[in-house]
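For reference, the structure is listed below as structure tokens.
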Amino acid sequence: MGQKPLFLKACAREPVERTPVWLMRQAGRYLPEYLKVRKEAGSFLNLCKTPALATEVTMQPIRRFGLDVAIMFSDILVVPEAMGMKLDFLEGEGPVFADPLKESSDLKRLKQPNVEKKLGYVYNAIEEMRAALPANVPLIGFAGSPWTLATYMIEGGTTKKFTKIKTAIYKDPVFLHGVLNALTDTVIDYLNGQIDHGAQAIQVFDTWGGILSPKNYQEFSLKYMAKIVKNLKKTGPDGAQVPVILFSKGCGNYSEEIAASGCDVVSLDWTADVKKIRRKLGKKVAFQGNLDPAVLYAPEAVIRKEVKKTLKLFGPEPGHIFNLGHGMEPDMDPENVQVLVDIIREESTRSIAKQ
Ligand code: CP3
């Protein structure tokens, strides 16, 4: 076996010579080469469902920027689709479920899918991606958290207000827990399949955990993510450990509870009080984050200043993976991503060597 990749070392809180880096939504519309393949695919879902094309767009940011980790190209919403919900991605509007879930009687529409059959295209893509990636660049598999998936399945698409799902919290929690339980079972199966087919780490995206009160975050989001963490395979087919990253956007306040789920890495956004959290939990879990993506709109000198600040906040101790606090945006300049990655390499090598 070769050297353990930097990213996997950092997840295990082992010493590294520099901080590994990847970016949420690193493959996407800010890259002209992505737009080309996206056009060729005809639709976003078709891109997700064609392993050769999904592999090509997964590789694009690795080739262009030399990032330390690849994330499989797919979407969190393929899970509700596999459970029987009709999904479309409309140009300029994002995801749409034409027939959202409304009440307990809708639960019978949700099937526990045979994941190998219904989501086999993802597993085929994972195998192709592993074959295409260099040995020192591990592949992250992922799923949405049950709570975040439920927001789309109940609201019918992207929302700013979350009226329907919040109504369900207070008016029909039995229905909501029914949806969350069904999703949790499918996500566990789906992620274990990703591990079997070669995903070397798993990230759970809880994009909307931050809209909940602390008590509701525990009851409707974290509880289900903790069940997922407990039921995932701990090692891949090659015997290597498969770390789990939890990303609840806007939930830095709950880092202690998130770490108690048994996850290996807590992913933080830019609103988190990193110094405080790291001091308290740095011996228990690794951290990922947390640069404000908007820094990428600024000139190089500002990017450097902000990278240095971020590295300093996490400190030189092992257990930091550099990332944005959320995803890349379509109007971001790829040139600035290269600037960012180069600066992270340079500054983190320097600060780790200084120790
Ligand atoms: O990070 C990566 O590079 C891997 C690919 C990835 C995508 N979506 C591709 C994508 C990942 C990890 C996701 C996760 C995802 N999808 C989340 C959680 C993370 C987050 O960003 O908050 C959520 C909430 C979704 C659901 C989703 N998919 C929405 C709301 C949208 C529309 C918004 C938008 O930006 O258009 C998508 C579409 C989507 N997923 C695109 C990409 C590259 C753009 C679609 C296109 O090319 O037309």
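Out of the total accessible area of the range 166-295 (probe 1.4 Å, heavy atoms of protein only), what percent is carbon and sulfur? Using a 1.4 Å probe with all protein chains present, the range 166-295 comes out at 53 percent carbon and sulfur. Database remark: amide H of H320 closer than 5 angstrom to the amide H of F287 (H placed geometrically; neighbours at sequence offset of 5 or more, or on other chains; Pro and chain starts carry no H). Segment Y121..E256, full-extension length gain: 45.0 nm, with 0.36 nm per residue of separation and the alpha-carbon distance subtracted. Site pair K171 and A135 shows an inter-label distance of 5.9 nm when each label is modelled 7 Å from Cα along Cα→Cβ.
Only beta bridges with both residues in the chain are counted; by DSSP, about 20 percent of them are antiparallel. Compared with the direct C-alpha span, the chain from K312 to K354 gains 13.9 nm at full extension, assuming 0.36 nm per residue. Among the GluC sites (Glu not before Pro) found in the range 57-141, those both in a DSSP coil and sparsely packed, with 15 or fewer other Cβ atoms within 10 Å of their Cβ, are E91, E93, E103.
Taking the Cα centre of the chain as reference, the dipole from Cβ charges on Lys and Arg (+1) and Asp and Glu (-1) amounts to some 1020 debye. Provide the net charge surrounding P20, with neighbours chosen by a C-beta distance below 15 Å and charges set as Lys +1, Arg +1, Asp -1, Glu -1. Result for the local shell: -3.
Between amide H atoms placed 1.01 Å from N, distances below 5 Å from L87 occur with no residue 5 or more places distant or on a separate chain.
Summarising the overall dimensions of the chain from its C-alpha atoms, the Rg and Dmax are 19.4, 62 angstrom. The value obtained for the range 269-355, namely the Cα convex hull volume divided by the number of residues, is 84 Å³ per residue. With K and R counted +1 and D and E -1, the other residues having a Cβ less than 11 Å from that of R64 yield a net charge of -1. Cross-link check: pairs K9/K249; K234/K276; K160/K227; K102/K171 evaluated at a Cα-Cα cut-off of 19 Å; pairs beyond the cut-off: K9/K249; K234/K276; K160/K227. Largest mean-square fluctuation among L212, L268, L101, in a Gaussian network model of the chain whose springs join Cα atoms under 10 Å apart, belongs to L212.
Per residue, the solvent-accessible area of the chain (1.4 Å probe, heavy atoms of protein chains only, all protein chains present) comes to 43 Å². For n ≥ 4 DSSP H runs only, could you compute -39500 (n - 2.57) per run for the chain, divide by its residues and tell me the 222 nm figure to the nearest 500? -13500 deg cm²/dmol, from helical runs alone. Karplus-derived 3J(HN,Hα) values for the range 127-138, using 6.51 cos²θ - 1.76 cosθ + 1.60 with θ = phi - 60°, are 5, 5, 5, 4, 5, 7, 7, x, 4, 8, 10, x Hz; glycine and proline are entered as x. Residues T271, T184, T235, ordered by accessible area of protein heavy atoms at a 1.4 angstrom probe radius and largest first, appear as T271, T235, T184. Apolar share of the accessible surface for the range 22-137: 52 percent from carbon plus sulfur atoms, 1.4 Å probe.
The values are calculated or read from the model by the stated rules, or taken from the named source; none is laboratory data. Just so it is clear, the model here is predicted, and its values are computed rather than measured. In this analysis, Cβ positions are derived from the backbone assuming ideal geometry, glycine residues included, and neighbour counts consider all displayed protein chains. Note: accessible area is taken over every heavy atom of the protein model, side chains too, but ligands, DNA and RNA are not part of it. Shrake-Rupley method; radii C 1.70, N 1.55, O 1.52, S 1.80 Å.
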